[in-house]
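The values are calculated or read from the model by the stated rules, or taken from the named source; none is laboratory data. Bear in mind that the values here come from a model prediction, so they are computed numbers and not experimental data. Every residue, glycine as well, gets a Cβ built from its backbone with ideal geometry; the counts of neighbours run over all protein chains shown. Note: areas computed on protein heavy atoms with side chains; ligands, DNA, RNA excluded. Shrake-Rupley method; radii C 1.70, N 1.55, O 1.52, S 1.80 Å.
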Amino acid sequence: MLKTSLLGRDYNSEPDSLDDGSKSPSESSSTTTSENVHPAEEANRLTMMQTLIHLLKCNIGTGLLGLPLAIKNAGLLVGPISLLAIGILTVHCMVILLNCAHHLSQRLQKTFVDYGEAMMYSLETCPNTWLRTHSMWGRYTVSFLLIITQLGFCSVYFMFMADNLQQMVEEAHVTSNTCQPRKSLVLIPILDIRFYMLIILPFLVLLVFIQNLKVLSVFSTLANITTLGSMALIFEYIVQGIPDPSKLPLMASWKTFLLFFGTAVFTFEGVGMVLSLKNQMKQPQRFSFVLYLGMSLVIVLYICLGTLGYMKFGPNTQASITLNLPNCWLYQSVKLMYSVGIFFTYTLQFHVPAEIIIPVVISQVSENWALSVDLSVRTVLVCLTCISAILIPRLDLVISLVGSVSSSALALIIPPILELITFYPEDMSCVTIAKDIMISILGLLGCVFGTYQALYELTQPISYFIANSTYA
């Protein structure tokens, strides 16, 4: 019972296809129709509210707390406008991805087509012979980027949780009941940050053993409640006594704007979960409403927190807005609540790479070893995110790097290309073709220059990062 209801995988039957790589092409071609869905599987599907909760939690992560610094890197005027533009483009690309997957599933008479399959099947029908021959590489590329992106998110989560745990523990002796603005943001660590990462590691390993999205919706609800509570306290503080913003620059330098781009794209973390969530809905035809509602709320939250946070703290804005909060027990609870929310969000982001990698590994072993291999691979992947966090514990730059390298490809570059390949044989309008090309070029430029700038900043001496690190 534990294996099917809690772990969410029955090894006596064909694995569910939740995302890229969870089925081979031959298995995908035998996808069952909706009429043949087992009643138990139907009972495990998500309601509209559960889907909305998942969507919100997938997009409200650590990147949200770094948005005030992102606005600082872009400018008080350019930042919010650019964040709105990136948000609109990201949602538009999500809709493109959904439309292409739906079109291909109807053309191929399949119940569900995931991101990688959509790329592969569209290449199989494109006019270019070389692309048709190498269509599988489209799927491999998307799967690889999904793995890098989602594990990058998980690695950042590790840094954030460990850092906040360190702050709460090592500031406990100087934390007071009176909430006054911070006079100092520098605290010499007593224990290395890696020690706190190792403390969190076993708890995350146990958490990722849960694979059923319906079970995870309970944790996602808890994460939303704690995140909502912490957001309320943050907004309650930053809206009080905002200094005159007229001295803040409306436009920052182009070098720091590149860091803004990576952080902004990183913050929209739910691209990899869109098709999975739609596939898990009881009424997938209503997912568009959930997507527009959820992402509208997310974009408004992003702009408000980023802009107000920068206006409140100005030049002293830190990589995580929690660093700017008063050192009192009330606002220490913000770190605790947000860390709890991130803890439960970890397994949602982990779900995508796990469903790509694990079925491939399990197919190489006998059925008796399937469960042991499944749990072992999950453990190794969690340890991998912990190791990467230990090697590069610079939160703001890692966020920008992950956003520039892989998030921009998945969110802005590939969906327009996918639309061009999928619908070009069906007489696309010149406006649509021009729009798709422009979005892909914009994403590519942001990817190249944002990656360069983030890598350049990472090579600078460590003292350069003290002001923008998450060390309190």
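Here are some notes:
- Residue match in segment 309-325 (condition: assigned to a helix (DSSP H, G or I), surrounded by fewer than 23 Cβ atoms within 10 Å (Cβ to Cβ) and charged (D, E, K, R)): yes
- Flag if CYS126 is at pLDDT 85 or above and in contact with a helix residue (DSSP H, G or I) (Cβ under 7 Å, 6 or more places away or on another chain): no
- Some residue of segment 435-451 being open to solvent by 40 Å² or more (accessible area, probe 1.4 Å), part of a helix (DSSP H, G or I) and at pLDDT below 85: no
- Any hit, segment 405-424, residues being modelled with pLDDT under 90, under 14 Å from the mean Cα position of the chain (by Cα) and open to solvent by 40 Å² or more (accessible area, probe 1.4 Å): yes
- Pair list, Cβ < 6 Å and 6+ apart or interchain, from segment 140-153 residues that are farther than 23 Å from TYR121 by Cα to residues that are assigned to a helix (DSSP H, G or I) and among the polar types (S, T, N, Q): GLN150/GLN349; LEU151/THR385; PHE153/GLN349
- Flag if PHE350 is in a helix (DSSP H, G or I), at pLDDT below 85, within 20 Å of VAL205 (Cβ to Cβ) and open to solvent by less than 50 Å² (accessible area, probe 1.4 Å): no
- Segment 387-403, subset within 14 Å of LEU455 (Cβ to Cβ) and modelled with pLDDT of 75 or more, residue surrounded by the fewest Cβ atoms within 10 Å (Cβ to Cβ): ILE392
- Pairs meeting the criteria (first residue in segment 251-273 and within 30 Å of ILE53 (Cα to Cα) and open to solvent by less than 20 Å² (accessible area, probe 1.4 Å), second residue at pLDDT 85 or above and outside any helix (DSSP H, G or I), beta carbons under 9 Å, at least 6 apart or on different chains) are PHE260/GLY75; PHE260/ALA252; THR263/GLY66; PHE266/GLY66; THR267/GLY66.
Let's see how each residue does on (1) under 26 Å from ILE342 (Cβ atoms); (2) in contact with a helix residue (DSSP H, G or I) (Cβ under 6 Å, 6 or more places away or on another chain); (3) modelled with pLDDT under 90:
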site	(1), (2), (3)
LEU65	yes, yes, yes
PRO68	yes, yes, no
ASN73	yes, yes, no
ILE81	no, no, no
ALA85	no, no, no
HIS92	no, no, no
VAL95	no, no, no
ASN99	no, no, no
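- Taking the criterion of being of a type in the set (Lys, Arg) and farther than 12 Å from MET311 by Cβ, the only residue of segment 223-257 that qualifies is LYS255.
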